[in-house]
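Read the structure below first, then the notes.
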Amino acid sequence: MKAEILATGDEILTGAVIDSNSAYIAQKLEEAGVEVVRHGCVGDNVETIAAILKEISTRADLAVVTGGLGPTLDDITAEAAAKAAGVELVFDREAMSCIENFLKTQKREVIASNKNQAMVPKGSVCLFNFVGTAPGFVFKIGVCLFFFIPGVPYEMRRMLADGVLPWIDKLQKERSFSLVKTISTFGLAEAAVNERLVGLAEEFPGIRLGLRAKFPVIYVKLYVRDKDEDRANILLEKASESVLNKIGKCAFSTDGKSMEAVAGSFLCREKATIAIAESCTGGLISHLLTNVPGSSDYFLFSGVTYSNKAKIKILGVAEATLQKYGAVHEETAKEMADGVRRVAGATYGISTTGIAGPGGGTGEKPVGTVCIGIAAPDFVEGYRFNFQFNERLRNKKKFAITALDLLRRKFLV
């Protein structure tokens, strides 16, 4: 089955709101064995929406449309669907009952605009909304079966799970299993990752390869679809092993985990603890680590020691070190890491000191320079990198993930 996804709304069309719904729906449809062939976006205009629905109705087996089912004047999706099919809007008692039941749980009264939400194209079937006032509906236009669902993300997800996916499952005469493997990589540019994986599809017929960059991480996505689930799993595992061999230590997760989650899992496994001293990253490493559920098992302390005075007073960095080498240097980073480990009583200490930019660089230490220290009971090491990004936030992200990657690699030895 081939599917299309259409997001409606001026706020999405203009970029005021990021359309995360379509990505989520595409993923769930792929998992259900449905091939997603196109995503679209359209503003709040009845004529335009109707025209696009007509186009989709001639080429897709099914479509999922989000947005425009609310109680306001710009919620016009039902009207556009009726126009596309050449039918009238009718009052749906089931949809009204759904709205009334939800409002009752919220101790709110039904108003006129809520009643408008129960107006749907003639011949449609109601999809119940248990977490909002906007019922969805299923409606056939041309050869395509359309699922119209809310644009509010948590309402969309619930209706997709409860109404849309079970319906699609019944439609499929011969279910095919669609599996996805996500391998997270760091340390290689997207072009370099692609270069290493050239020929993978030929090596493993049936595997579809995709790369997705979410700075500074590159995700390798492996897709396979087969009527035999065991055969699909075997093919996916073989292709995954090949990718790992080609990428090497730059691959840090085979299930899409973040770098901070992987570093945390190593710390848990070793029953180790960590403390962080940050200058140029401004607390970003600590923020990433503490975003991981269960991080209280290993995260002890964080200090943003931005000034030299703070480095000396809090971490015990020698004043002579700062005078001789400056704040941005491997020796300073080493003393910061050792100091924060000692202060917190942690197994490991990590530090960052650098120049995020856009100003402050020199010929010897240009913007993008970062020095990272790692301290443990049996070693203290310092590293220097230069990434040469001109954007401050990109440099901070790169610095932070590089520090966590250095820690991760220590566990691989």
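Scanning segment 59-81 for residues that are over 16 Å from residue 1 (Cβ atoms), modelled with pLDDT of 95 or more and among the acidic types (Asp, Glu) yields a single hit, 79. A Cβ distance below 8 Å, combined with a sequence gap of six or more or placement on separate chains, defines the contacts here; from segment 102-113, residues that are touching a residue at least 12 places away in the same chain (Cβ under 8 Å) reach residues that are in a helix (DSSP H, G or I) in the pairs 103/114.
Of all residues in segment 196-232, those being touching a helix residue (DSSP H, G or I) at 6+ places or on another chain (Cβ under 8 Å), at positive phi and surrounded by fewer than 13 Cβ atoms within 10 Å (Cβ to Cβ) number 0. Residues in segment 355-404 that are closer than 23 Å to residue 288 by Cα, small (Gly, Ala, Ser) and outside any strand (DSSP E or B): 5 in all.
Okay, residues lined up against (1) assigned to a strand (DSSP E or B); (2) more than 15 Å from residue 34 (Cβ to Cβ); (3) under 23 Å from the mean Cα position of the chain (by Cα):
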position	(1), (2), (3)
123	no, yes, no
129	no, yes, no
132	no, yes, no
137	yes, yes, no
157	no, yes, yes
179	yes, no, yes
182	yes, yes, yes
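Let's see how each residue does on (1) more than 22 Å from residue 321 (Cα to Cα); (2) modelled with pLDDT of 95 or more:
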residue: 345; (1), (2): yes, yes
residue: 360; (1), (2): no, no
residue: 370; (1), (2): no, yes
residue: 393; (1), (2): yes, yes
residue: 396; (1), (2): yes, yes
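Filtering 260, 278 for residues that are acidic (Asp, Glu) and either farther than 20 Å from residue 343 by Cβ or in contact with a Cys (Cβ under 6 Å, 6 or more places away or on another chain) (or both) leaves a single hit, 260.
Among the residues of segment 129-141, those identified as surrounded by fewer than 21 Cβ atoms within 10 Å (Cβ to Cβ) and at pLDDT 95 or above are 138, 140.
Do we find that residue 370 is open to solvent by 40 Å² or more (accessible area, probe 1.4 Å) and either in contact with a Phe, Trp or Tyr (Cβ under 9 Å, 6 or more places away or on another chain) or in contact (Cβ under 8 Å) with a residue 40 or more places away in the chain (or both) in this structure?
Values: open to solvent by 40 Å² or more (accessible area, probe 1.4 Å): no; either in contact with a Phe, Trp or Tyr (Cβ under 9 Å, 6 or more places away or on another chain) or in contact (Cβ under 8 Å) with a residue 40 or more places away in the chain (or both): yes.
Criteria not met by residue 370.
Determine whether segment 242-255 contains at least one residue that is in a loop (DSSP other than H, G, I, E, B), over 22 Å from the mean Cα position of the chain (by Cα) and exposed (fewer than 15 other Cβ atoms within 10 Å of the Cβ). No, segment 242-255 has no match at all. Would you please name the residue that is farthest from residue 398 (Cα to Cα), looking only at residues in segment 186-195 that are open to solvent by less than 40 Å² (accessible area, probe 1.4 Å) and in contact (Cβ under 8 Å) with a residue 24 or more places away in the chain? Residue satisfying both the conditions and the ranking: 193. Residues that are surrounded by 20 or more Cβ atoms within 10 Å (Cβ to Cβ) and not in a strand (DSSP E or B) were ranked within segment 109-121; the one that is farthest from the chain's Cα centre (by Cα) is 118. Selection of strands (runs of 3 or more DSSP E) fully inside segment 1-105 by the criterion of at least 2 residues being within 16 Å of residue 146 (Cβ to Cβ) and either open to solvent by 10 Å² or more (accessible area, probe 1.4 Å) or of a type in the set (Ser, Thr, Tyr) (or both) returns 2-8, 35-42.
One line per residue, one yes/no per condition, for (1) of a type outside the set (Ser, Thr, Tyr); (2) over 18 Å from residue 332 (Cβ atoms):
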{"residue": "351", "(1), (2)": "no, no"}
{"residue": "356", "(1), (2)": "yes, no"}
{"residue": "364", "(1), (2)": "yes, no"}
{"residue": "368", "(1), (2)": "yes, no"}
{"residue": "375", "(1), (2)": "yes, no"}
{"residue": "378", "(1), (2)": "yes, yes"}
{"residue": "383", "(1), (2)": "no, no"}
{"residue": "390", "(1), (2)": "yes, yes"}
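Select the helices (runs of 4 or more DSSP H) contained entirely in segment 275-354, then report the ones holding at least 2 residues which are open to solvent by 50 Å² or more (accessible area, probe 1.4 Å) and touching a residue at least 60 places away in the same chain (Cβ under 8 Å). Give the derivation first.
Working: elements: 284-290, 308-315, 319-325, 330-344.
So the answer is 330-344.
The values are calculated or read from the model by the stated rules, or taken from the named source; none is laboratory data. What you are looking at is a predicted structure, and each value in this text was computed from that prediction instead of being measured. Using ideal geometry, Cβ is built from the backbone for each residue, glycine included, and neighbour counts are taken over all protein chains shown. These area figures cover heavy atoms from the full protein model, side chains too; ligands, DNA and RNA do not enter into them. Shrake-Rupley method; radii C 1.70, N 1.55, O 1.52, S 1.80 Å.
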